[in-house]
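> Handing you this structure, nothing more for now.
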Amino acid sequence: MTDQATTTAAEPGTPEIPGKPTSASRTTLSHIMTQADTNLLGTVHGGVIMKLVDDAAGAVAGRHSGGPAVTASMDEMAFLEPVRVGDLVHVKAQVNWTGRTSMEVGVRVLAERWNESTPATQVGSAYLVFAAVDADGKPRRVPPVLPGTERDERRYQEAQIRRTHRLARRRAIMELRERRAAEGFDD
Ligand SMILES: CC(C)(COP(=O)(O)OP(=O)(O)OC[C@H]1O[C@@H](n2cnc3c(N)ncnc32)[C@H](O)[C@@H]1OP(=O)(O)O)[C@@H](O)C(=O)NCCC(=O)NCCS
């Protein structure tokens, strides 16, 4: 089992937020690729897929957090196979992990021919961090996600590893910049 909380810790004068199962916000967005989606090589532009990924992840983050959520970062976007005109693309997204005000959303991209009954193959994947925000755009608390299956549990644990690495990388870069500024570099 993970050590995830089942409620978000209350701040003085505010109520705890009960957890929500992963399955409550899991979403699939499907789209048929057309000529309008191609790059100069004639296959589907990576940016078109990234937009669908961001859309699906945003829907999941909004559903989980019960309100507006913005993309804070997108990492590990992998393109495994080219996507072609006439492919029916399915973008499957779920909340993998929650912090205090942020959520990691995991996305898998699958493609199948729109008019054939062959199985869909995975063509991409990505991890995005969304921050839930209030009406002023300030981060607000999110319900803890409650993994419902062993797979959800594994994804939660892997997301914690990514979170640790993101924070460590950001800290290391900030420290480097401060050191260089202290040494008089103007870059
Ligand atoms: C994301 C945003 C709300 C964070 O605001 P902030 O004042 O830096 O707030 P915080 O530092 O408290 O961060 C809020 C949460 O987001 C997480 N976060 C912030 N920046 C992050 C980043 N680059 N990567 C991963 N997580 C990040 C923090 O870890 C924190 O999570 P936690 O509360 O679960 O620990 C703010 O930077 C923003 O509005 N960015 C623009 C978002 C946007 O417009 N996206 C669409 C692009 S067109």
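Just so it is clear, none of the values below were taken in a lab; they were calculated from the coordinates. Treat the numbers as computed from the prediction; the structure is a model and nothing was measured. Reconstructed Cβ throughout: ideal geometry from the backbone, glycine too, with neighbour counts over all protein chains shown.
> Given the Cα atoms of the chain, and with Rh set as the inverse mean 1/r over their pairs in the Kirkwood sense, what is Rg to Rh to two decimals?
On the way: Rg = 19.0 Å, Rh = 18.1 Å.
Reported Rg/Rh (Cα atoms, Kirkwood Rh): 1.05.
> Right, something else. Can you give the FRET efficiency to the nearest 0.05 for residue 38 and residue 165, using r as the Cβ-Cβ distance and R₀ = 30 Å? Can you show the working numbers first?
Numbers: r = 35 Å, r/R0 = 1.15.
That gives a FRET efficiency of 0.30.
> To continue, here is another question. So, in nm, how far is label residue 14 from label residue 79 when the simple model puts each one 7 Å beyond its Cα toward the Cβ?
With each label point 7 Å from Cα toward Cβ, the separation is 4.0 nm.
> Using the number of other C-beta atoms within 10 angstrom as an exposure proxy, rank 153, 183, 178 with the fewest first.
Ranked by crowding around the Cβ, least crowded first: 183, 178, 153.
> For a quick check: with amide H placed at 1.01 Å from N, whose amide H comes under 5 Å from residue 30's, ignoring anything fewer than 5 positions away on the same chain?
Amide H to amide H, under 5 Å and 5 or more residues apart or across chains, residue 30 pairs with 91.
> Explain nothing, just the number: relative contact order of the range 1-148, from Cα pairs under 8 Å at least 6 residues apart, as a whole percent.
Once divided by the residue count of the range 1-148, the mean separation gives 31 percent.
> Out of residues 5 or more away from residue 99 or on other chains, whose amide H comes under 5 Å of its own, with H placed 1.01 Å from N in the peptide plane?
Correct list: 104.
> Suppose the chain between residue 182 and residue 55 were pulled fully straight at 0.36 nm per residue; how much longer would it get relative to their current alpha carbon spacing?
Extending this stretch completely gives an extra 41.6 nm.
> Can you list the lysines whose alpha carbon sits under 16 Å from that of residue 92, skipping same-chain ones fewer than 8 residues off?
51
> Convert each backbone phi in the range 26-42 into a coupling constant with the Karplus relation 6.51 cos²θ - 1.76 cosθ + 1.60 (shift: θ = phi - 60°), then list the ³J(HN,Hα) values in order as whole Hz, x for Gly and Pro.
4, 9, 10, 10, 10, 8, 8, 7, 10, 4, 5, 9, 8, 9, 5, 8, x
> Residue 123's amide H: which non-local residues (gap 5+, or another chain) put their own amide H closer than 5 Å, with H modeled 1.01 Å from N in plane and none for Pro or chain starts?
So residue 123 has HN proximity to 109, 110, 111.
> Any idea what angle helix 46-65 forms with the longest principal axis of the chain, computed on alpha-carbon atoms, 0 to 90 degrees, nearest 10?
50
> Once the dipole of the chain is set up with Lys and Arg at +1 and Asp and Glu at -1 on Cβ about the Cα centre, which of 107, 94, 47 lies farthest towards its positive end?
Comparing the listed Cα positions along the dipole, 94 ranks first.
> Right, another one. DSSP loop (so not H, G, I, E, B), at most 10 other Cβ within 10 Å: list which trypsin sites (Lys or Arg not before Pro) in the range 20-129 pass both filters.
none
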